[in-house]
Amino acid sequence: MGWEIDPILVTLVLVNLLLLGGSRLVTCIRLVAVQGVLLGILALLVQVGWSPTRAVLLAGGSVLLKGVVFPRLLSRALRGAEIRREMEPYVGYTPSVLLGLAMLALTVWVSSRLTLPLPAASHLLVPVALFTTLTGLFLIVARRKAITQVLGYLVLENGIVTFGIALSHEAPLSVELGVLLDVFVAILVMGIIVHNIREDFDHIDTDRLASLKD
């Protein structure tokens, strides 16, 4: 099965690197949407021990929410904020990509030393899951715009889902669908917060919010 899912996993890695090196927020939203679609396809391919109903529900939920609904909510928030690019991030884009390559090497090394309770469908599945999780964390702490940090949260959750696809063959479907619902609520709330920040302060730079006084 590895030959079927390896191209998807390699594409996820490339998407992560593009996110680390991208400044255009519209492009970043589209890349996160691509991640959601790829995770849906991955859920259909990696269904060892799963019922067809479970695989279809998870794949459909991922494609619908992460590939369509979330990007539309974030695009709407972006239009309301009237911004186009992530300017002056805490960590520049070239260093971000270089750090991303270092994180990728680290995750490959760490995953090679992990003892898994169940065999993964591909030897790339665990390192890609870890790399996606670290990419999300990096975007949250290394970018200034609130909407980019929301994207980082989504990427982080995508990494966790990828890891779950690799290992949690016996997890109840209700738990996994509950995670999707939690993420939906979180993205909805974050979109409202981004809009309100823009309305009140004329910007969505989170570092400038730290200077506010009571």
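The numbers here are math on the coordinates, done by the rules we state, and not lab data. What you see is a predicted model; the values in this text were computed from it and never measured. Here the Cβ positions follow ideal geometry from the backbone for every residue, glycine too, while neighbour counts run over all protein chains shown.
Length gained on full extension, residue 109 to residue 137: 8.2 nm, using 0.36 nm per residue less the C-alpha separation. Between residue 56 and residue 68, the distance separating the two model label sites (each 7 Å from Cα on the Cα→Cβ line) works out to 1.6 nm. Ordering 112, 122 from the fewest to the most neighbouring beta carbons within 10 Å gives 112, 122.
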